[in-house]
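The values are calculated or read from the model by the stated rules, or taken from the named source; none is laboratory data. Note that the coordinates shown come from a computational prediction; the quantities given were computed from them, not determined experimentally. No Cβ is skipped: glycine too gets one built from the backbone with ideal geometry, and neighbour counts run over all protein chains shown.
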Amino acid sequence: MKHLRKISYQKPLMLLALIVIATLLNRSFLSISNIISILLAVCIYGVMACGTIFPLLNGGIDLSIGSIAALSGSVMVLVTIHFGYTPAGTMMGILAGIAAGAVCGLINGLVSYYFLVPSFVVTLAMKNIILGVAQHITHQNTIICLESKVMNWIGTGKIAGVPFLIWSFVLMFIVVWFVLNRTKYGKYTYATGGNETATRYSGINSRMIGISAFVISGCTAAISGILLSCFNRQAVATQASGYDGNVLVMLVVGGVSMAGGEGNITGVLFGMSLVGIINNAMLLMGVDSIYQDMIQGILIVIAVALDYFSRKRSIAVQTKKMEAKAA
Amino acid sequence: MNEEKKLLYMKHIRKAFPGVLVLDDVDFSVGYGEVHGLMGENGAGKSTLIKILTGIYPSDEGTIEVDGKEVQIQNKYDAASCGISVIYQELSLIPTLTVIENIFLGQELTKGKVFLDRKAMRKRAQELVEKCHFDIDLDAAVENLSVAKQQIVEILKSLLFDAKIIIMDEPTASLNIQESESLFEIIRRLKAQGTSIIYISHRLEEIWNLADRLTVLRDGKVRGVLSKEEIEPAKVVHMMIGKDLQEEDSVVHDPIAGGSVLKIENLSTPELLDKITFEARGGQILGIGGLVGSGRTETLECIYGLRRYTEGKITIDGETVADKAGRVRKQGIGLVPEDRRVQGLVQGLSVADNIALTNYDVMFRTSYITPRKIVETADKCIRQLRIKTPDGMTKCMNLSGGNQQKVVLAKWLERDLKVLLVDEPTVGIDVGSKAEIYGILRSIADQGKVVIVVSSDVEELLKISDRILILVNGKVYDDIPNRGLTADDLLLAASGMSKKEEV
Amino acid sequence: MKRSAAKMLVGALAVMLLFTGCGRRGAAESAAADTSEAAAAVTGTGIDLTQEGLKIGFSAGNMDSNAVLWEEGISQALSSYPNIELTTFDAGGSGEKQVQQFEEMISQGYNAIICNALDTSALAAVTTEAEKEGIRVVHMNIGPESPHTAGLNNSSWNIGVMVANDVMAKMDSAKCVAIGPPVSMEAIAQGVTAFEETLKGKDGFEFLDSQAGDWTTETANKLTRDLLTKYNNEFDVIFCHSDQMAIGAAQAVDAAGLTGKIKIYGADGLQEALTYIKEGKMEGSVYCNGVQQGIQTTQICLYAMATGIDGSSLAATPEITAPVLIIDPSNVDEYLE
Amino acid sequence: MKQSTLRKLVSAVLLLIFVAIFSVMSDSFMTWRNVNSILREVSVVGLLSLGVSFVIIGGGIDLSTGAVLGLSAMITSKFVTETWIPIWVIVLIALLVGVLAGLINGLLVIKLGLSELIATFATMYVFRGFVYILAYRERGRLITKTVTDAQFLSIGGKIGGIYYMSIIWLLLIAAGYIILKKTRFGTYIYAIGTNRKSAQLSGINYEKIKAATFVISGVCSALAGVFLLAWQGSAGLNSGSGMEFQAIAAVAVGGIVLSGGRGDTIGVCIGSLFMIVIVNGIYKFGLPTEVQTIVYGAVIIIMSIFDAVYMNMSRKKLIVNKKAGAGQEG
């Protein structure tokens, strides 16, 4: 019995429209270098989104990913400098950074699930706490690190003309797609997000699924913080501060529902490219910086509303069919 | 059939959804102060008829007459103005508001249009409570009330705008025998005061001792209107499912040699259970009866590892049962929970995903899974249990009660279980599917597996169980084979007055 | 009487600053000493600087690397006054928070406030209130219009003008773009306007575009990549309002293989910018010795505290323009640690 | 004693304990001037909390309050400096802006089906964009101007030593309590907060009530904008940004459950005072700036953990005696 996976054509159409408008207004929009520039600008958001989809699918939210990225970036740079910029030192730095992210994620998870505090409040509070810790270890300075060859390669290295950062997003995307769609953990995540009680009654430790979701979100936030520090060849406590909002927008625009249990990682591709294209197109079209935030807000509304109407129509069709059969 | 004027007439009601005729020329009438039963399989058009009466759906054709006057009911307010009110199965109350606030929700008494007149509301509520001798604390928050008390709030709500007709949809579904008894008392009192009741239920004995008249629907047509004397079980069932339900003789099956054995020794929990000890053998269906709150569900939850127990030993074939749900499942113990909508299924996921949820460890050795195998397994179960669903990909929320329960059963049939615990298997399920579910449970038992069924439906217990365990207030009261037991034996035992004391 | 007092104060301070210049600390202390007698008679309500329990507050709009240098300078200047306690308030980029912190310092009876203002007009009321309470207020960078003790004016305006002049000195024609501060940091955005207006009308020079950054390196990098695409690499100068952003621009230009072809200017004179200048990836950075500025401001404060000048009674805030210079490949070794 | 009153009493006592600690630790805390400046500061964030608490009780959330505050401050500042319109008309216009902002949020949530979080996140960008568009321009550059109209600045003045703003805020807290507890509209807000279907089944116009909560939030944010302008004399370009999260944190600390249907404005009052007193108190100890952010976050978590554990414990107690109750009955 072949089952047709219903693909909604709204999202690709909207992207296409934007691309056409932008190209008409500035021929060089479609040039290879500009496309790579757009991808480079959003790929770090993408890496973060690949991790933060897990808490969202569990019906929670993670506002602390920006601060975690700053903390992990700083930890990585400090450890690298401590080990004298050697490649091994940088590896140690990267591991330390990811460990820091995992710890923050674990705290988010434990407090949300053992103390039943809404994850919005927990991660909002942790955002401040982690920012304070990051400022403390960097003494509010910018720590530069130009000599680490590994960092420079990660930050600016290219494979087949495409920066390594974009490849790291592609790799992360494939891994997360595989986990969500082709592993038990992925299925358990969707089940816990849809109905936590029913999952527990099916003998699955839904609390562990929830806590591990925050640990994954913490780790990917750490990885994106490290990539950012390699790209900038420096670390500062206020880097990636606005990231949690944009990543949330990309996920929701990509069809991930705030209530949990719904949405797929493929939606992030649409969310990322939409945000990336809007910002790039606005600059190429000479839109004054003053209006850029506002236009982004309006386009987010349009994208999410389109998604809502297409889903509403498909549900209406399905329920009619069921009603006819049942009644 | 006396032809004196009736309170409500629904004539030639016709309603069709694209491709299906849901109500075909239905006539339905309710007299003044009459309790009118309405029965029919899920999908017989029962709920659609009620939705037309309460203005949620417009009818394609047909007229509604209330108190002799023809009325147009487009929405809830028209229904309310005609004195029609509904108590749905999942009650529509606001948990964080108090009883009074809930009673007057949508119809508050106000001082000058804006401010609430709490004193006047309290007085009016007190009046209603006294009139019907309810025992309820008007200031308690509804979330802290038992289901029975919440139902009283719903009834008060209808009486508030002196409803002439109160429609009750499966009111006793989550009530124990005592609470059902007091509800019937209330219904009789309302009848005496001249309020008519439309009583929808699957439990024939309730209809039998309450209803003055009964309308039976099947496939959108009225199959007959019976007066009180004409209501007999076999006839009604025939009208409902169009064929006779073969009356299995309730033969008592003995445990099959070599079947698995579940032993529970003095299981106790701090708040309720007290040294529960019993044994269940493969091949037999052990029914557990008793009142709500007597500890039946808690016992199942302890066995399945969802609830901590301070002392007691549970073993399956000699091997002690773990206390974590995940490991218990691997030891071959499954639970069909009480509330299938909230505990049984993930409504947003498809039938295939739900069935696979408990079987990933069986279906796939590594953590890698393939959607193809999930869909294949689902199709197998759908065919095996004859689940009515277009395909495996349909979301569970679109299925009827009976089909959802079958999906929950399918979740466990895939595994080679040793023990299947079932909590209220057929609540809110039509008679046809009920019979199928009993068949499924029997076939599981016949394979030498232990089947334990908790049920508040005395008829059900008598029909399917080979041995019956009665719990009273967390203690094992009686453990008797189901030979020649009758409904009142169980009722007496459940309330702790067994025959032995009487003699 | 008031007008002359202001003139005298300005005279004294100017004299003091002539000696300090950039980098030579020693002269500053001696200059402060001989001018204090001349102005001591101004109001006579001065505080004895060795008195116990004196408090100075440093209100930073944003604890960025620049503010850290100022803080370093202030604490160095106070090293010879152990009895004076320094507290730093970070407004974290929020104008309201800075006002609240200002009121906090007033209510705690601080003796002097050194401030790097975010929203100048929002601080106008509290600055006057502080001065009335006898608290000496010195604004670094740009201060509110309401008169106060002193304003150390290395305002962004000068930075913009200086970079424009440097560009005109080194090149006979150039197309320029700028990456400015976030849209909401209007006070600091003067630099970009100054840069634009200095170039306007000069033949051969054209100001193409200005984009609002967010002080981060990665955003400046993205904006530069997009500007390169927009004008397909046909511009010669990028002026960034901070070294952080200049480094981002330099990295983007480097990645596009145009290093050397495009001159990149930053501001603040941070060490890593100097290394970029040394490597030829950046053309120059407007250097204002943060630590030195901190020291100068504190000395003006101490001087005002000692002489008890009531800032609010002055006709206008005495402006002290701290010398600012451009570090480019020619003098980078002098400042690179 | 009802569970919620007990809960509020406990957090009020905790607040007094902190106040006692701070006044002992530093003598400048308990001075009249400091208390007054705290009360004035609370009135701005407290107004945002009051507005957003209506939306939260109604089962939603509003991230655009900070931007609405900035927009209302900018519009008021432009009207005061550049037109002769009487002050009370200008304030009215500002409140109308708040109403409009609330309607837009309500429209997006109800008609376009956006989740509250994303709808108000998007409108936050849009309203902030309007602040930039309406800002003063000088030589093509945005600048801020000081408002010097004495009559307008009198709004920021004092009467009997207490600021008008604080008095008006406390009055609005009381008004909010009355609306929630004493009017039909208030009961409907609780109703839609917990169970949308039941509310609709009882004939409550879900959409009208939901839109009304957003309008209330918009009006409160607009009024907060007017107060901020009167207090600081200038409408900064990013004034109010970040305050929306402060307001939500204050509401959470005040014991109002984010899932809706519970809590009242007394909790909002205590929560807002709590946050400002803590922040103000931290300054007293002259802690380094990063420690301040850590303490701010820690307070939110500790209070919410206390709240969740308390709520859980009392619910467990209820279930146990409910079961016992049912047992006796059965």
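When B:LEU217, B:LEU210, B:LEU160, B:LEU138 are checked against the criterion of being out of contact with any Lys or Arg (no Cβ under 7 Å at 6 or more places or on another chain) and either away from chain D (no Cβ under 12 Å) or within 13 Å of B:GLY33 (Cα to Cα) (or both), B:LEU210 stands alone in meeting it. Restricting attention to the range A:33-47, the residues that are within 9 Å of chain C (Cβ to nearest Cβ) and closer than 20 Å to A:VAL252 by Cβ total 2. Selection of first residues in the range C:78-101 that are at the interface with another protein chain (Cβ under 10 Å from one of its Cβ atoms) and of second residues that are at pLDDT 85 or above and in a loop (DSSP other than H, G, I, E, B), restricted to Cβ pairs under 7 Å at least 6 apart or on distinct chains, gives the following pairs, ordered by first then second residue: C:SER94/D:GLY242; C:GLY95/D:SER239; C:GLU96/D:SER239. Residue pairs whose Cβ atoms lie under 7 Å apart, separated by 6 or more positions or on different chains, with the first residue in the range B:189-210 and over 16 Å from B:VAL427 (Cα atoms) and the second assigned to a helix (DSSP H, G or I) and not hydrophobic (A, V, I, L, M, F, W, C), are B:ILE197/B:LYS191. Among the residues making up the range D:203-235, those that are away from chain C (no Cβ under 14 Å) and either more than 30 Å from D:ASP149 (Cβ to Cβ) or touching a Lys or Arg at 6+ places or on another chain (Cβ under 8 Å) (or both) are D:GLY203, D:ILE204, D:ASN205, D:TYR206, D:GLU207, D:LYS208, D:ILE209, D:LYS210, D:ALA211, D:ALA212, D:THR213, D:PHE214. Annotation: C:ALA256 fulfils all but one of (1) within 14 Å of chain A (Cβ to nearest Cβ); (2) at pLDDT 90 or above; the unmet one is (2).
The residue pairs whose first member lies in the range C:121-145 and is within 15 Å of D:LEU153 (Cβ to Cβ), whose second member is assigned to a strand (DSSP E or B) and polar (S, T, N, Q), and whose beta carbons are closer than 6 Å, counting only pairs six or more residues apart or on different chains, are C:SER121/D:THR146; C:SER121/D:SER234; C:ALA122/D:SER234; C:ALA124/D:THR146.
Name the single residue, out of those in the range A:265-292 being farther than 21 Å from C:PRO182 by Cβ and aliphatic (A, V, I, L, M), that is farthest from the chain's Cα centre (by Cα). It comes out as A:ILE277.
Looking at B:GLN126, B:GLN150, B:GLN178, just one residue is touching a helix residue (DSSP H, G or I) at 6+ places or on another chain (Cβ under 7 Å), modelled with pLDDT of 80 or more and in the same structural domain as B:PHE28 (by TED's automatic domain parsing), and that residue is B:GLN150.
Of the residues making up the range A:154-165, those that are under 23 Å from the mean Cα position of the chain (by Cα) and within 13 Å of chain C (Cβ to nearest Cβ) number 8. Restricting attention to the range D:188-196, does a residue exist that is part of a strand (DSSP E or B) and at negative phi? Within the range D:188-196 (the criterion being part of a strand (DSSP E or B) and at negative phi), the answer is no, since none of the residues qualifies. Can you confirm whether the range A:244-256 contains a residue that is surrounded by fewer than 24 Cβ atoms within 10 Å (Cβ to Cβ), more than 22 Å from A:ILE166 (Cα to Cα) and in contact with a Phe, Trp or Tyr (Cβ under 9 Å, 6 or more places away or on another chain)? Yes, that holds for at least one residue. Between B:ASP423, B:ASP353, which is of a type in the set (D, E, K, R), within 26 Å of the chain's Cα centre (by Cα), buried (at least 21 other Cβ atoms within 10 Å of the Cβ) and more than 9 Å from every other protein chain (Cβ to nearest Cβ)? Just one listed residue meets the conditions, B:ASP423. Of the residues contained in the range B:369-386, one or more are found to be outside any helix (DSSP H, G or I), within 22 Å of A:GLY261 (Cβ to Cβ) and not assigned by TED's automatic domain parsing to the domain that holds B:GLY448. Counting only residues that are in a helix (DSSP H, G or I), without any contact (Cβ under 8 Å) to a residue 60 or more places away in the chain and more than 18 Å from the chain's Cα centre (by Cα), the range D:260-288 holds 2 of them. Could you check, for the range D:79-96, whether at least one of its residues is surrounded by fewer than 24 Cβ atoms within 10 Å (Cβ to Cβ), within 13 Å of chain A (Cβ to nearest Cβ) and under 23 Å from the mean Cα position of the chain (by Cα)? There is no residue in the range D:79-96 that is surrounded by fewer than 24 Cβ atoms within 10 Å (Cβ to Cβ), within 13 Å of chain A (Cβ to nearest Cβ) and under 23 Å from the mean Cα position of the chain (by Cα). Test D:GLN292 against the stated conditions and say whether it is within 14 Å of chain A (Cβ to nearest Cβ) and within 23 Å of D:VAL52 (Cβ to Cβ). No; evaluated as a whole, the condition is false for this residue. Restricting attention to the range A:135-147, the residues that are assigned to a loop (DSSP other than H, G, I, E, B) and either farther than 17 Å from C:GLN271 by Cβ or within 14 Å of chain D (Cβ to nearest Cβ) (or both) total 4.
When C:THR87 is tested against the conditions (1) over 19 Å from C:GLY308 (Cα atoms); (2) within 19 Å of the chain's Cα centre (by Cα); (3) among the β-branched types (Val, Ile, Thr), the lone failure is (2). Only residues that are within 14 Å of another protein chain (Cβ to nearest Cβ) and aromatic (Phe, Trp, Tyr) were counted in the range D:156-189, giving 4.
Restricting the range B:408-446 to residues that are in contact (Cβ under 8 Å) with a residue 24 or more places away in the chain and polar (S, T, N, Q), which is nearest to B:ILE468 (Cα to Cα)? Among them, the one singled out is B:THR426.
Just for the range B:230-249: of the residues that are among the charged types (D, E, K, R) and part of a helix (DSSP H, G or I), which one is modelled with the highest pLDDT?
Once the filter is applied, the top-ranked residue is B:GLU230.
From D:GLN151, D:GLN200, grab the single residue that is in a helix (DSSP H, G or I), surrounded by fewer than 21 Cβ atoms within 10 Å (Cβ to Cβ) and more than 10 Å from every other protein chain (Cβ to nearest Cβ).
Every option except D:GLN151 fails the conditions.
Scanning the range B:52-80 for residues that are assigned to a helix (DSSP H, G or I), buried (at least 17 other Cβ atoms within 10 Å of the Cβ) and without any contact (Cβ under 8 Å) to a residue 24 or more places away in the chain yields a single hit, B:LYS76. Please go through the range B:86-139 and give me each residue that is under 14 Å from D:THR183 (Cβ atoms) and in a helix (DSSP H, G or I), ordered by number. Selection gives B:GLU101, B:ARG118, B:MET121. Within the option set A:LEU116, A:LEU71, A:LEU24, A:LEU56, being part of a helix (DSSP H, G or I) and surrounded by fewer than 24 Cβ atoms within 10 Å (Cβ to Cβ) holds for one residue only, A:LEU24. Could you grab me the full set of residues in the range D:26-45 that are more than 10 Å from chain C (Cβ to nearest Cβ) and at pLDDT below 85? Scanning the range D:26-45 gives a single hit, D:MET30.
Of the numbered criteria (1) over 21 Å from D:THR265 (Cα atoms); (2) among the hydrophobic types (A, V, I, L, M, F, W, C); (3) surrounded by fewer than 24 Cβ atoms within 10 Å (Cβ to Cβ), the one D:LEU237 fails is (3). Residue count for the range B:85-105 under the criterion of being among the aromatic types (Phe, Trp, Tyr) and more than 8 Å from chain D (Cβ to nearest Cβ): the result is 1.
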